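Participant: Sharing a structure below in structure tokens format, with a few things to ask.
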Amino acid sequence: MPSDLLRPIRGGTVLSMAVYPEKAAPGRPLTTAQVGTEGLEGDRRKKRPVHLVGRENDPDSTRANFFLDVSDVDLQRLVGEEVHVGRVVLRFTEVPKNCPGVYADVVRAGVVNVGDALS
């Protein structure tokens, strides 16, 4: 992949995080998240381990795990790539059909904190 496509995500940060222990219940905000191969600890198990969205989304109305200081378009350009978020490595796998952002699998488990950089 050309390096100019990776440029938008460099310098981005984690603005906020949340888990959704119950399907219809509100999310629970986090400042630190333990991320395993199945997703964030405390999150209900879904079809995909992690859902990430860009800064144009509202955390109160979007049920994503990570809200990032980059755009959804920039995230979607990285489908198929591995991205470091804190100490975690995610592989962006697909663009959701009915919601913003991207889905990701966990390549390397670890801890993510609000304010951690993307690279």
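Participant: List the strands (runs of 3 or more DSSP E) inside the stretch 17-113, counting only whole elements, that have at least 1 residues being of a type in the set (K, R) and more than 13 Å from the chain's Cα centre (by Cα).
Facilitator: Per the criteria, 28-30, 102-108.
Participant: Inspect the stretch 85-96 for any residue being polar (S, T, N, Q) and exposed (fewer than 14 other Cβ atoms within 10 Å of the Cβ) and give the result as yes or no. Walk me through how you get there before you give the answer.
Facilitator: As a first pass, look at the stretch 85-96 and keep what is polar (S, T, N, Q): 93.
Narrowing the set further to residues that are exposed (fewer than 14 other Cβ atoms within 10 Å of the Cβ) leaves none.
There is no residue in the stretch 85-96 that is polar (S, T, N, Q) and exposed (fewer than 14 other Cβ atoms within 10 Å of the Cβ).
Participant: Moving on to the next point. Among the residues of the stretch 56-75, is any loosely packed, with under 13 Cβ neighbours inside 10 Å, closer than 23 Å to R108 by Cα and modelled with pLDDT under 95?
Facilitator: no
The values are calculated or read from the model by the stated rules, or taken from the named source; none is laboratory data. Computed from a predicted model, the values in this text were never measured in an experiment. In this analysis, Cβ positions are derived from the backbone assuming ideal geometry, glycine residues included, and neighbour counts consider all displayed protein chains.
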